[in-house]
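Following: one structure in structure tokens, then a few remarks.
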Amino acid sequence: MFSSYIEHPTKCRFEGQDRDEKILLLLRAHPITNLSWILPAILLFFLPFFMPSIFRLLNMDLSGFPQTFGILLLTINYLLVLIITFEGFLYWYFNVYIVTEKNIVDMDFYSILFKNIDVAPLRNIEDASSSMGGILSSFFHYGDVFFQTAGATTKNIDFRSVPKPHHVADFILDEAHKIHGRRRNV
């Protein structure tokens, strides 16, 4: 369940899902976007191994520092690594975009104590556009998808840094057209 692009996921439910509502697409930000928190965590993890060499290079003598002070700094460093890693993973894992037979759902996780869920009925989708910009997004094929919705009370929804953005936009428009076609035939 760590994939960033899953069509027809099984054993997956979300808050507010109807009993008869099937999930067609589950999206997260592309895994390459996690480098923004993985690289600093790796650097902080290995920093204590290089500190003695750096201090020697700067001609700093640490023999006067108490050993408990060094242990305290090492503990703080690794707690910081743990916090960065834990928060980065939670942010990536719980920022989810879901497409069902009836709705598109944008779940934004900001912290353990705050999340925001935007839902728009597929029947209100009027337009979808996608964009990819930059070397990383072109190479790894990820980008943003924007939806314009009908109605004064519904706000526009955007999926950020998702894999295959052009395919996602086309997929959602096809599903919206199916609903519009069913409504006309009824």
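Any read-out appearing in this document is the output of simple, stated calculations on the displayed coordinates, not a laboratory observation. Remember, predicted model here, so these are calculated numbers, not experimental data. Note: ideal-geometry Cβ built from the backbone for every residue, glycine included; neighbour counts use all protein chains shown.
Placing one equal scatterer on every Cα of region 54-128 and applying the Debye formula, the log10 ratio I(q)/I(0) at q = 0.17 Å⁻¹ is -0.81. Label-to-label distance for Arg123 and Phe139 is 4.6 nm, based on points extended 7 Å past Cα in the beta-carbon direction. Put the Cα centre of region 93-108 next to the Cα centre of region 2-64 and the gap is 21 Å.
Helix 35-57 versus the longest principal axis of the chain: what is the Cα-based angle in degrees, 0 to 90, to the nearest 10? On a 0 to 90 degree scale, this one is about 10.
Among residues other than His167 with Cβ under 11 Å from its Cβ, the summed charge is -2 (Lys and Arg +1, Asp and Glu -1). Once the chain from Cys12 to Leu72 is taken as fully extended at 0.36 nm per residue, the excess over their C-alpha distance is 17.3 nm. Against the chain, whose longest principal axis is taken from its Cα atoms, helix 165-185 shows a tilt of about 30°.
List residues of region 105-132, by number, whose backbone nitrogen lies under 15 Å from a label position 7 Å along Cα→C-beta of Ile179. Answer for region 105-132: 105-106, 118-128. Mind running the shape call on region 75-115? Use the C-alpha gyration tensor, a ≥ b ≥ c as the square roots of the eigenvalues: rounded below 1.5 for a/c, prolate if a/b tops b/c, oblate otherwise. Prolate is the answer for region 75-115, as a/c is 1.5 or above and a/b outweighs b/c. If the Kirkwood radius is taken over C-alpha pairs of the chain, then at 10 °C and 1.306 mPa s the Stokes-Einstein diffusion coefficient equals 82 µm²/s. The ranking of Ser63, Ser137 by Cβ neighbour count inside 10 Å, starting from the fewest, reads Ser63, Ser137. The alpha carbon centroids of region 153-177 and region 120-143 are separated by 6 Å.
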